[in-house]
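Asker: Below is one structure. I have some questions about it.
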Amino acid sequence: MSSWRAVGFDLDDTLFDHTGAATAAVRDFTKSLGFEATPERVTTWFELESEHFERWRAGRISFAHQRRLRLRGYLRSLGTDAPIAEGVAHRGAEPVTLEAALGEATLGTR
């Protein structure tokens with residue numbers, strides 16, 4: 001079995017449709033919480049992402065903290081009790097994001 005030599009990330013839609021995959025992930029995540037995935041809700045997610053990501057880039061908060069703030073803000077925008085729902089939602093967000101980003105790609109591909 002060979003080892004990984006490099007990992008590439010394409011977040012600007014050059015190699016694959018990151019924006020489309022992220023949008024699909026937000027929709028799936030929203031639906032998994034029992035809410036309709038409206039365009040306004042998707043926009044809210046990306047606005048929160050931008051706000052908190054910039055705070056991280058400026059060195060004001062940790063990467064993990066910007067993710068938590070984005071999630072809390074999004075849950076609040078849905079009218080959900082963020083302190084109760086955060087653990088459940090956070091555990092569910094990663095697989096949905098990964099699945100939407102990779103589609104039918106095999107995780108074992110190197």
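Asker: Counting other Cβ atoms within 10 Å, keep those with at most 10, restrict to DSSP loop, and tell me which trypsin sites (Lys or Arg not before Pro) in the stretch 1-59 are left.
Answerer: R5
Asker: How large is ³J(HN,Hα) for each residue in the stretch 5-10, as worked out from phi by the Karplus curve 6.51 cos²θ - 1.76 cosθ + 1.60 (θ = phi - 60°), to whole Hz, x for Gly and Pro?
Answerer: 9, 7, 10, x, 10, 10
Asker: Could I ask something else about it? Are there chymotrypsin sites (Phe, Trp or Tyr not before Pro) in the stretch 6-83 that DSSP marks as loop and that have at most 11 other Cβ atoms within 10 Å, and which are they?
Answerer: Qualifying residues, ordered by number: F9.
Asker: While we're looking at this one, here's another question. How large is ³J(HN,Hα) for each residue in the stretch 22-31, as worked out from phi by the Karplus curve 6.51 cos²θ - 1.76 cosθ + 1.60 (θ = phi - 60°), to whole Hz, x for Gly and Pro?
Answerer: Here the 3J(HN,Hα) series is 5, 4, 4, 5, 5, 4, 4, 4, 4, 5 Hz.
Coordinate-derived values only; no laboratory data. From a predicted model like this one, the values you see are computed outputs, not experimental measurements. So basically every Cβ, Gly included, is an ideal-geometry build from the backbone, and we count neighbours across all protein chains shown.
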